[in-house]
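Report on the following structure.
The values are calculated or read from the model by the stated rules, or taken from the named source; none is laboratory data. Owing to the predicted nature of the structure, the values given are computational and were not obtained by experimental measurement. Virtual Cβ from ideal backbone geometry, glycine too; neighbours counted across all protein chains shown. Accessible surface areas use protein heavy atoms only, side chains included; no ligands, DNA or RNA. Shrake-Rupley method; radii C 1.70, N 1.55, O 1.52, S 1.80 Å.
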Amino acid sequence: MSKKLEGKVAVVTGSGQGIGRGIAIGMAREGAKVVTNNRKPLDKKNIVLDPNLSEEENKKYLSMRGDAEGTAQQIKEEGGEAVPFFGNVADYDTAGQMIQKAINTYGRVDILVNNAAGLGTGMLTDTTEADWDYQTIPKMKGAYNCMHHAVPFMIEQKFGRVINISSMAFIGLPGLFAYSAANAGIVGLSKAAAKDLYPTGVTVNTICPQAASPGHFVEFKSMIKKLSNAGVTIDEERVRKVEEDHGPAENLAPFLAYLATEEAATISGAVFDITASGRITIWSDPAPIHTIKKDNHPWTMEELITAVPEELLKGYESNARVSGLS
């Protein structure tokens, strides 16, 4: 390892298992001291298994579960420094206590990875209020809470790297109504914060990762079954490729660590899609396509019936007709 993060302190939320765990371990391997986090210690005896999964699938799911203590312990066994913090970062005061723990333990906070999330599936018509809150609040409010507490320290030290974990669901995926909304919000939050903070030496970027995690394992299989039951045609080859991309989460860490280096000081407000299989993609920003305009006169319905399809929507095809898996 290059140890490019030697002397830096990273806080990684939702790092008890899955993608967050892989990121935390990877940051530590690059030399960072790490505060690991998840809501509470894991009690394997009380884990609820998914009745839609086979016995073999549930065994794999159980093997993927973990908590902040386990992640910190692995980092220490590899010769790194880490301390766990249990608490729900969707609570404002709890998030502040976590950032303060980093300051009290290591003297600074340089890197914040907002990975904590509530996962789930559901279309508009079957997403309950509880589903909506569970999938949007940990992601959106958790990111705000942690940034609000950590960024002032970063501004004071004239260095900071915020990496917000989103998902390709930010483009809007069928069967992921609330989850898509939460992740689209993360993209907007990150872009706005990046513009606010650029002069201060603090960067903010968005990562849409694809790697092995217990949440993805269960929810992806559940989504496939729900879409299939709803009559959506499933592209089996695409499903296979998605599963191939979800390899070891530690494979994601080198790119996130790169974004946390001094060399990445000018990268901010970007959205990256990265996979454990090695693909890294940067997404374009939204940009206007066509405009129609009348000078100081309102459009008539007759004019719009002609101008909209012929001029404004030239070459347009509704993306609502394109399923994410068909």
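Only one entry in Ile289, Ile267, Ile280 is in contact with a helix residue (DSSP H, G or I) (Cβ under 9 Å, 6 or more places away or on another chain) and open to solvent by less than 80 Å² (accessible area, probe 1.4 Å), namely Ile267. Residue pairs whose Cβ atoms lie under 8 Å apart, separated by 6 or more positions or on different chains, with the first residue in the stretch 283-310 and free of Cβ contacts under 8 Å to residues at least 24 places away in the same chain and the second among the β-branched types (Val, Ile, Thr) and assigned to a helix (DSSP H, G or I), are Ile292/Val308.
Once the stretch 44-80 is narrowed to residues that are at pLDDT 85 or above and acidic (Asp, Glu), the residue that is least open to solvent (accessible area, probe 1.4 Å) is Asp67. When the stretch 144-179 is limited to residues that are more than 22 Å from Phe255 (Cα to Cα) and of a type in the set (Phe, Trp, Tyr), the one that is surrounded by the fewest Cβ atoms within 10 Å (Cβ to Cβ) turns out to be Tyr144. Inspection of the stretch 299-321 identifies no residue that is small (Gly, Ala, Ser), modelled with pLDDT of 95 or more and touching a Lys or Arg at 6+ places or on another chain (Cβ under 8 Å). Of the residues making up the stretch 112-135, not a single one is out of contact with any helix residue (DSSP H, G or I) (no Cβ under 9 Å at 6 or more places or on another chain), among the charged types (D, E, K, R) and within 24 Å of Asp196 (Cα to Cα). Contact map, the stretch 81-93: residues that are among the aliphatic types (A, V, I, L, M) and surrounded by 16 or more Cβ atoms within 10 Å (Cβ to Cβ) paired with residues that are in a loop (DSSP other than H, G, I, E, B) and at pLDDT 95 or above, Cβ distance under 6 Å, separation 6+ or inter-chain. Pairs shown: Val89/Thr13; Val89/Ala116. Within the option set Leu112, Leu62, being farther than 25 Å from Val232 by Cβ, in contact (Cβ under 8 Å) with a residue 24 or more places away in the chain and not aromatic (Phe, Trp, Tyr) holds for one residue only, Leu112.
Condition check for Ala182 on (1) farther than 20 Å from Leu256 by Cα; (2) touching an Asp or Glu at 6+ places or on another chain (Cβ under 8 Å); (3) open to solvent by less than 10 Å² (accessible area, probe 1.4 Å): one failure, at (2).
Can you find a residue that is over 25 Å from Asp245 (Cα atoms), assigned to a loop (DSSP other than H, G, I, E, B), in contact with a strand residue (DSSP E or B) (Cβ under 9 Å, 6 or more places away or on another chain) and open to solvent by less than 60 Å² (accessible area, probe 1.4 Å) anywhere in the stretch 19-39? Scanning the stretch 19-39, I find at least one residue that is over 25 Å from Asp245 (Cα atoms), assigned to a loop (DSSP other than H, G, I, E, B), in contact with a strand residue (DSSP E or B) (Cβ under 9 Å, 6 or more places away or on another chain) and open to solvent by less than 60 Å² (accessible area, probe 1.4 Å), so the answer is yes.
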